[in-house]
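Data first, discussion second: the structure below is written as structure tokens.
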Amino acid sequence: MLESKEVTNHWEWEINGRTRYWGLNLHELWHYRHLSLSLVRRDFLLNYQQTVLGPFWLLVQPILTLGTYVLVFNKLIGVSTGSLPPVLFYLSGIVLWNFFNDTFMGTSFIFRENAQLFSKVYFPRLIIPISQMGTQIFRFGIQFTLLLAMLAFYALFKNYTLPTSFLAVTLPLVIILVGLTGLSLGLIFSVVTAKYRDIINLVTFGVRLLMFLTPVLYPVNYVPENVRWVVQFNPLTSYFELFRRALLGQGVISPESLGYSLVFTLILLVISIGIFNKQGDKLIDVV
Amino acid sequence: MGDVVIQVEELSKVYRLGTIGSGSLRQDLARWWNTSVLKKDDPFYYPQLSENQEPMDKNQKAFWALQDLSFEIKQGEVWGVIGNNGAGKSTLLKIISRIVKPTKGVVRGKGKISSLLEVGTGFNQELTGRENIFMSGYILGMTKQEITAKFDEIVDFSGIEKFLDTPVKRYSSGMYVRLAFAVAAHLEPDILILDEVLSVGDAEFQKKCLGKVKDVSRSEGRTILFVSHSMQAVSNLCNHALWLQKGRLMEAGKATTVINNYIKGVKKSQLHRTWDNLVEAPGNEFVRFKSIRLTPRFSEPDAPLDIRTPLTLEFEFWNLVEDQDLSIGLHLFSYGGECIFDVPSPSFQCKKGLVEGECTIPGNFLNDGSYYISLIVVKNTSVDLFYYEECLSFEIEDYRGDIKWFGKWMGAVRPSFPFRLEQKELELV
């Protein structure tokens, strides 16, 4: 009697009305890893199938942007790029900013864009932002290659001396952290845009403004001392500076500002995954 | 068998008509300012239902999709979920599939669940058949090894091997559905949840799918939960049924009993139908029905419609094509979905215009119970032009005369054949 009761009470899962912040199930995410990979593959195929240039389009955007920046900010306005060639300076900023921007924008509308799918089948919702980030890492890889090629070109033909810095080993870490910052912000906004449609405008507008508070177009030490804190309040600032320092040998970094950025990103990541988990199940009734 | 694999306890789901908040941040902020900061009455004030529930609209715009549902499902059972539109069937399946959260109550269970609420979930128009098999498989929770192992079987079942590397946007809708179902049919969950998926595709494929689902449940001991509007499919496939009405559980138990009660409670006899104009009339470019009427030929004016009553089916239809050789087939189904008979009319050369016809089902022929009639219009006794399914429904009361036994009378029909019984010889015992 007792035994049979024990058997029937041994449930493997339970569905109830509670939503939790800490519902992150890594085991489950691992089970769906192939889904992630094939979503990345799908994104790639869909973007470049039936196009003439295929993935080379990824290079057109940064090259055109680079041309504009060099022309407007360097030649017309005369913003200093320190001792660096303007092309290398701007391109490094553009490539890293694109990565942040695309990760953020790609994640921000997840619930809106996938409402149909989410209402028909269960899988861990976090799979979609993770695959999204995978796609962006891939795109970043291609643009980063362009940057390296440009660097090699300058070193070979323009007498530019490549800095050799042990900081180069931090590059992968910086890239991951920038991606995670974009992802976390995107996760939070994906929940908000699902609930409030009017926030969509704010997101597209806000991210453009944020770019001007990030040292994409100017080096931090070009900013006057008395307003520099505004730029340094932005956690992305030290990532961009470290990225340039490691790659091009110029950039203002300090352990404090790096520590601040790191803590900021990690806290944001934890909070955003929490919010995403907590709200994800409820949102499907709203979208 | 025997082990409970799904236990549903006091499950409720409330949908607010309208959305959470107002959908605009400005209004939500105004509300928060009024209630939390100024401590004024909220213009959208909702009384709380209980401590763990979301606030409700005081205008009673809350909609209980499910209310206090409790039942248990044992391993290997096949359950049909029946009920009208809006009864909460899909909501129930969505909660068990973990797509939406219940408002109250719990579902506990054992084993891996796969649900198929739509044909072609995760399919992408641009991808090829092969890529979509993987994509859809992953989304439904299969692993790479599972799909690879079953790949040939899936392709075989769908019958599209020639088009495997063609984007599915170039598929016909039939091929698309076949491929999509083929993937889903090869899922190997412990519990399979199906929502009306068999209502798409051609009849032959439906049969194949139904057969596959049957196989899966019989030979492999899967537990299946199946929503359908077709009583035929439910009674065919399921040994248990769950009847929902307006979010409440009306009855759960043996499929035949529940289906019968559902029919009694919900389905009304419909003995005649007429249409005034061609636009509304059911049909197509070849024929459209004008009226269909089933007239009981009562022996006396206020007799009940029972097994003794002959029934005459009269119908009129517009023939829209000049000089067609048409015949009509009368299909009579029991409410369980079994076809009792299929009677064709002789064929007739029809001119453009209105055509009428009739057919009489004799008294003392059908058993008591609920029936429905479908009419089929056939051209040249071979080409189906229009099949009007379930156009009429009726019920036949029991009549037993002097018989003192009151159990359920067996059989699909109850014809009165000449029977002879007489004393042959007297013998002393």
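Only the coordinates and a few stated rules stand behind these numbers; no lab work does. As the structure is a computational prediction, the values presented were derived from the model and not from experiment. Using ideal geometry, Cβ is built from the backbone for each residue, glycine included, and neighbour counts are taken over all protein chains shown.
The angle separating the long axis of helix A:86-108 from the principal Cα axis of greatest extent in chain A is about 10 degrees. Within the protein assembly as shown, DSSP assigns beta bridges of which about 80% are antiparallel (rounded to the nearest 5). Note on chain B: dipole from Cβ charges, positive end direction compared against B:Trp33, B:Ser173, B:Thr121; the farthest Cα belongs to B:Trp33.
Mean partner shielding of peptide A:115-127, defined as the number of other chain Cβ atoms within 10 Å of each residue Cβ, is 5. Short to long, the 10 Å bins of the Cα pair-distance histogram for region B:88-134 hold 22, 39, 26, 13, 1 percent of all pairs. Farthest towards the positive end of the charge dipole of region B:272-396, among the residues B:Ile373, B:Pro362, B:Leu385, is the Cα of B:Leu385, using unit charges on the Cβ of Lys, Arg, Asp and Glu. Shape descriptor for the protein assembly as shown: Rg over Rh equals 1.10 (Cα atoms; Rh from the Kirkwood inverse mean 1/r).
What is the percent of Cα-Cα separations in region A:56-283 that go past 30 Å? Result for the distance tail: 27 percent. Largest GNM mean-square fluctuation among B:Ala87, B:Ala281, B:Ala185, using chain B with Cα springs under 10 Å: B:Ala281. Under a GNM of chain B (C-alpha, springs under 10 Å), which listed residue has the highest mean-square fluctuation: B:Glu316, B:Glu395, B:Glu300? Looking only at B:Glu316, B:Glu395, B:Glu300, the largest GNM fluctuation is found for B:Glu300.
Per-residue packing, averaged as other Cβ atoms within 10 Å, sorts the ranges B:382-391, A:275-284 into the order A:275-284, B:382-391, beginning with the highest. Give me the lysines in straight-line cross-link reach of B:Lys290: C-alpha distance below 30 Å, same-chain residues under 8 apart excluded. Within reach: B:Lys264, B:Lys267, B:Lys268, B:Lys351, B:Lys352, B:Lys379.
Relative to the longest principal axis of the Cα atoms of chain B, the long axis of helix B:129-139 makes an angle of roughly 70 degrees. Using only Cα atoms and rounding to the nearest 10 degrees, what angle (0 to 90) does helix B:255-266 make with the longest principal axis of chain B? Approximately 90 degrees, to the nearest 10.
Computed over chain B with a Gaussian network model linking Cα atoms closer than 10 Å, the most mobile of B:Asn367, B:Asn261, B:Asn319 is B:Asn319.
Taking each residue of A:197-208 in turn, how many C-beta atoms of other protein chains fall within 10 Å of its C-beta, and what is the average?
Working: counts 3, 5, 2, 0, 0, 1, 0, 0, 0, 0, 0, 0.
Whole-number average of other-chain Cβ neighbours for A:197-208 is 1.
As a ratio to 2.2 N^0.38 Å, the alpha-carbon radius of gyration for chain B is 1.24.
Return the average number of partner chain Cβ atoms within 10 angstrom of each residue Cβ along peptide B:95-102. Kindly include the intermediate steps, with their values, before the conclusion.
Working: counts 3, 2, 4, 6, 8, 8, 10, 4.
Going residue by residue through B:95-102 and averaging, the value is 6.
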